[in-house]
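A.B. asks: Can you read through this structure? Questions will come right after.
The values are calculated or read from the model by the stated rules, or taken from the named source; none is laboratory data. Keep in mind that this is a model prediction, so the values were computed, not measured. We place every Cβ from the backbone using ideal geometry, glycine too, and count neighbours over all the protein chains shown.
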Amino acid sequence: MTTGTARTLSEKVWDRHVVSSAEGEPDLLFVDLHLVHEVTSPQAFDGLRLAGRTVRHPELTVATADHNVPTTGLDQPVADPVSAKQLEVLASNCAEFGITCYPMGNANQGIVHIIGPELGLTLPGMTVVCGDSHTSTHGAFGALAFGIGTSEVEHVLATQTIPQPRPSTMAVEVDGALPAGVTAKDVVLAIIGKIGTGGGIGYVIEYRGPAIRALSMEGRMTVCNMSIEAGARAGMIAPDDVTFSYVEGRPHAPTGARWEEALSDWRSLVTDDEANFDKTVRLDAASLSPHVTWGTNPSQVVAIGGSVPDPDEFADPAVREAAARALEYMGLSAGTPMHEIAVDTVFIGSCTNSRIEDLREAAGVLEGRHVHRGLRALVVPGSHRVKSQAESEGLDKVFVAAGFEWREPGCSMCLAMNPDKLSVGERCASTSNRNFEGRQGRGGRTHLVSPAVAAATAVVGRFAAPDELP
Amino acid sequence: MRPVQVVTGRAVPLDRSDVDTDQIIPSDWLKRVERTGFGAGLFSEWRDDRNFVLNAPEFAGATILVAGPNFSTGSSREHAVWALMDYGFEAVVAPRFGDIFRINSTKQGLLPVQVEPDLGRRLLDAVSADPSLELTIDVARGTIEAPAAGLAGTFPLDEFTRERLLNGWDDIGLTMRHEDDIATYEGTRSGWMPTSAVRR
């Protein structure tokens, strides 16, 4: 907690959204943007109907279909009747309550955390919420953005506010410069490996330091996206010229005098020099290398040159037991070098890594190469806009020539709510965010990696970094 | 939400750390548009193993789940809370909870009882050793007790949430007491803030 007038970035954004504040109550915060998708909203709309309530600010609410949508055959009816119904219910709820909705096939449709930023709906200094834990992604713009449950979705729809206890503040300082071939994904995996899946609980993380400043907006979104995997509901990065040039000219971004007004405001969104964080974690970028998870939570991660750890190495009995159980589920033995582990499938996609830069990174590795024989490889762009951009750059042709399937946008195999799933025992190198048991399909084995490592792994058939390719 | 004052009952020991919400309710179940019927999906992949603790007859009918650290991290799915409640749980005890789950729980009246790691360990051991052990969780006092095992402790709950739980108050109703403040705030918002109206 900061004393005096000096404040951290998150405190500044928090303070400017306080609608009411009373002793013994959580602050009531105004919500500038409420993103909605098909999975966590139906029961919230039902709640509004039951209570006879309306949506207070439909114009501050934007919906899209992402979790359930198939990634092939968009001209066909959705085969799974339960998914089809959920998609229909989203459309009808949005129509009833006057909310803009981008359904399957719409040019603006995509993963909710991809479309907010690309449409310029996510801007610095805003509060953004969504019934999805990866809402932390939007913090890359210096927005205070966090995931909420369905009861809270209903609350925000009805009131455009959300009661929240003030979180603690954590600085994650990434000093130095990243070595070539080490990406934002490796940075955030290393951070989670360091602080654990619960280390960020109760905190808003601010990512700072030269290595963070050097990241593109896409990279910053990847880092903030996985804040929740360290337990932090929100992760933030102070906006700067990289942010402003990404935002300028996007469909919903301000223009003219409004742009100038916004810009001068946004430049104040930095942590004051005198401000204190409740906790600080430091990482040396120069020491990092590409990372791969070996277990069933994202903190179970090693450098790609490392090996599957021996559970007995862990002092904490709970960690040790979790490691042993993870190895059993993952079908791995302690001491096996990561480079020797063969994969069946490679998935490039998800709100963590399906932006244009991620696709460029993977395509750059795949150019002139081909996926390993028998390996299944798919790339699922985060949105129709990303897909179109990639196609205009010819990236789709690179992927297809390399043996990848080029799919339609959606959450896809990140959480296996659509037909893209792993089967029992199938091992996948995935650019997504969660390696939980069964996350990509019942019995499936997920290893989280960067797009570059995913591409190199697809070529070799075993975990590999691009600089190891022949 | 129904008021919750005291929960008394037997407990199930789920002696695992990092039980994420994907395990509590796998994503296949999230396609449903209803709020009820999720109990059948609770830990559904683990329950297929007949040795899983929830399948043990001696723990049938328990109303309290005692779990390891970092329970309910991961996804924001409130379905995890609905599934636990639909199955019959009224409280979950763990040394640490995922933030979103914890908030979701208190919106529905499922008690998230965060205990010191040492007490969490002792409760897991005591419940495993004696499935008939009765636990009592008192919301007003913020206490958890298992007298037969000689165990007792406290858990944190902010006063606002405590009052909400004790009285079963509707969150939206509480917020709308501040409607004037909301309207005042709305009048101060910056002109550059975006809306869903398409500008180009």
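A.B. asks: Can you confirm whether A:Ser307 is hydroxyl-bearing (Ser, Thr, Tyr), free of Cβ contacts under 8 Å to residues at least 40 places away in the same chain and more than 14 Å from chain B (Cβ to nearest Cβ)?
C.D. replies: Judged against the criteria, A:Ser307 is a match.
A.B. asks: Right, another one. Scan the stretch A:320-345 residue by residue and report those that are in contact with a His (Cβ under 9 Å, 6 or more places away or on another chain) and within 30 Å of A:His384 (Cα to Cα).
C.D. replies: Of everything in the stretch A:320-345, just one residue is in contact with a His (Cβ under 9 Å, 6 or more places away or on another chain) and within 30 Å of A:His384 (Cα to Cα), namely A:Val343.
A.B. asks: If you check A:Phe97 against the conditions, is it of a type in the set (Phe, Trp, Tyr), in contact with a helix residue (DSSP H, G or I) (Cβ under 8 Å, 6 or more places away or on another chain), more than 9 Å from every other protein chain (Cβ to nearest Cβ) and surrounded by fewer than 24 Cβ atoms within 10 Å (Cβ to Cβ)?
C.D. replies: For A:Phe97, the condition - of a type in the set (Phe, Trp, Tyr), in contact with a helix residue (DSSP H, G or I) (Cβ under 8 Å, 6 or more places away or on another chain), more than 9 Å from every other protein chain (Cβ to nearest Cβ) and surrounded by fewer than 24 Cβ atoms within 10 Å (Cβ to Cβ) - is met.
A.B. asks: Based on what the data block shows, is A:Ala334 over 18 Å from the mean Cα position of the chain (by Cα) and either assigned to a helix (DSSP H, G or I) or surrounded by fewer than 24 Cβ atoms within 10 Å (Cβ to Cβ) (or both)?
C.D. replies: The answer is yes for A:Ala334.
A.B. asks: Sticking with this one: Select from the stretch A:146-191 the residues that are crowded, with 24+ Cβ neighbours inside 10 Å, within 11 Å of chain B (Cβ to nearest Cβ) and of a type in the set (A, V, I, L, M, F, W, C) and list them in ascending order.
C.D. replies: The answer is A:Phe146, A:Ile148, A:Val153, A:Val156, A:Leu157, A:Ile162.
A.B. asks: Could you say which residue among B:Thr36, B:Thr63 is hydroxyl-bearing (Ser, Thr, Tyr) and crowded, with 16+ Cβ neighbours inside 10 Å?
C.D. replies: Answer to the check: B:Thr63.
A.B. asks: Identify the single condition in (1) closer than 26 Å to A:Val78 by Cα; (2) out of contact with any Ser or Thr (no Cβ under 7 Å at 6 or more places or on another chain); (3) touching a residue at least 12 places away in the same chain (Cβ under 8 Å) that A:Gly425 does not satisfy, given that it satisfies every other one.
C.D. replies: Here A:Gly425 clears every test but (1).
A.B. asks: I've got another one for you. So A:Ala238 clears everything in (1) more than 14 Å from chain B (Cβ to nearest Cβ); (2) in a loop (DSSP other than H, G, I, E, B); (3) surrounded by fewer than 20 Cβ atoms within 10 Å (Cβ to Cβ) except one condition, right? Which one?
C.D. replies: Every listed condition holds for A:Ala238 apart from (3).
A.B. asks: Considering only the stretch B:82-95, state which residues are within 11 Å of chain A (Cβ to nearest Cβ) and touching a Phe, Trp or Tyr at 6+ places or on another chain (Cβ under 7 Å).
C.D. replies: Correct list: B:Trp82, B:Ala94.
Each row is one residue, and each column tells you yes or no for (1) out of contact with any Pro (no Cβ under 8 Å at 6 or more places or on another chain); (2) under 24 Å from B:Arg162 (Cβ atoms); (3) more than 10 Å from every other protein chain (Cβ to nearest Cβ); (4) in contact (Cβ under 8 Å) with a residue 60 or more places away in the chain.
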residue: B:Gly39; (1), (2), (3), (4): yes, no, yes, no
residue: B:Pro57; (1), (2), (3), (4): yes, no, yes, no
residue: B:Ala80; (1), (2), (3), (4): yes, yes, no, no
residue: B:Phe97; (1), (2), (3), (4): no, yes, no, no
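A.B. asks: A further question on this structure: Give the residue that is farthest from the other protein chains (Cβ to nearest Cβ), with candidates limited to residues of the stretch B:166-196 that are of a type in the set (Val, Ile, Thr) and assigned to a helix (DSSP H, G or I).
C.D. replies: B:Thr184
A.B. asks: Residues being more than 7 Å from chain B (Cβ to nearest Cβ) and part of a helix (DSSP H, G or I): count how many of those fall in the stretch A:57-67.
C.D. replies: Matching residues across the stretch A:57-67 total 1.
A.B. asks: Within the stretch A:22-56, track down each residue that is of a type in the set (Gly, Ala, Ser) and in a helix (DSSP H, G or I).
C.D. replies: A:Ala44, A:Gly47, A:Ala51
A.B. asks: What residue, among those in the stretch A:273-288 that are out of contact with any Asp or Glu (no Cβ under 9 Å at 6 or more places or on another chain) and not hydroxyl-bearing (Ser, Thr, Tyr), is surrounded by the fewest Cβ atoms within 10 Å (Cβ to Cβ)?
C.D. replies: The selected residue is A:Asp273.
A.B. asks: Given the structure, is B:Arg10 at pLDDT below 95, more than 9 Å from chain A (Cβ to nearest Cβ), surrounded by fewer than 20 Cβ atoms within 10 Å (Cβ to Cβ) and not in a helix (DSSP H, G or I)?
C.D. replies: no
A.B. asks: Taking the residues in the stretch B:138-165 that are within 14 Å of chain A (Cβ to nearest Cβ) and loosely packed, with under 15 Cβ neighbours inside 10 Å as candidates, determine which candidate is farthest from A:Glu152 (Cα to Cα).
C.D. replies: My answer is B:Pro156.
A.B. asks: Test B:Thr73 against the stated conditions and say whether it is farther than 16 Å from B:Gly109 by Cα and touching a Ser or Thr at 6+ places or on another chain (Cβ under 7 Å).
C.D. replies: yes
A.B. asks: Hey, another quick one. Within the stretch B:178-188, can you find the residues that are closer than 10 Å to A:Phe30 by Cβ and under 35 Å from the mean Cα position of the chain (by Cα)?
C.D. replies: B:Asp181, B:Ile182, B:Tyr185, B:Glu186
A.B. asks: Does A:Ala257 satisfy the criteria of being of a type outside the set (D, E, K, R) and part of a loop (DSSP other than H, G, I, E, B)?
C.D. replies: No: the conditions fail for A:Ala257.
A.B. asks: If we scan the stretch A:323-331, do we find a residue that is under 23 Å from the mean Cα position of the chain (by Cα), surrounded by 16 or more Cβ atoms within 10 Å (Cβ to Cβ) and more than 13 Å from A:Val302 (Cβ to Cβ)?
C.D. replies: No, there is no match, as no residue in the stretch A:323-331 is under 23 Å from the mean Cα position of the chain (by Cα), surrounded by 16 or more Cβ atoms within 10 Å (Cβ to Cβ) and more than 13 Å from A:Val302 (Cβ to Cβ).
A.B. asks: Taking the stretch A:114-145 as the search range and keeping residues that are on the phi > 0 side of the Ramachandran plot and more than 8 Å from chain B (Cβ to nearest Cβ), which one is farthest from the chain's Cα centre (by Cα)?
C.D. replies: Among them, the one singled out is A:Gly125.
A.B. asks: Need the failing condition index for A:Thr197 against (1) crowded, with 23+ Cβ neighbours inside 10 Å; (2) more than 14 Å from chain B (Cβ to nearest Cβ), just the number.
C.D. replies: Every listed condition holds for A:Thr197 apart from (2).
A.B. asks: Of all residues in the stretch B:19-42, which are out of contact with any strand residue (DSSP E or B) (no Cβ under 8 Å at 6 or more places or on another chain) and not in a helix (DSSP H, G or I)?
C.D. replies: B:Asp20, B:Ile25, B:Pro26, B:Arg32, B:Val33, B:Glu34, B:Arg35, B:Thr36, B:Gly37, B:Phe38, B:Leu42, listed by residue number.
A.B. asks: A:Glu11 - would you say it is surrounded by fewer than 24 Cβ atoms within 10 Å (Cβ to Cβ), more than 9 Å from chain B (Cβ to nearest Cβ), modelled with pLDDT of 95 or more and in a helix (DSSP H, G or I)?
C.D. replies: yes
A.B. asks: For the stretch B:1-19, which residues satisfy the criterion of being farther than 30 Å from A:Thr197 by Cα and hydroxyl-bearing (Ser, Thr, Tyr)?
C.D. replies: Hit for the stretch B:1-19 is B:Thr8, nothing else.
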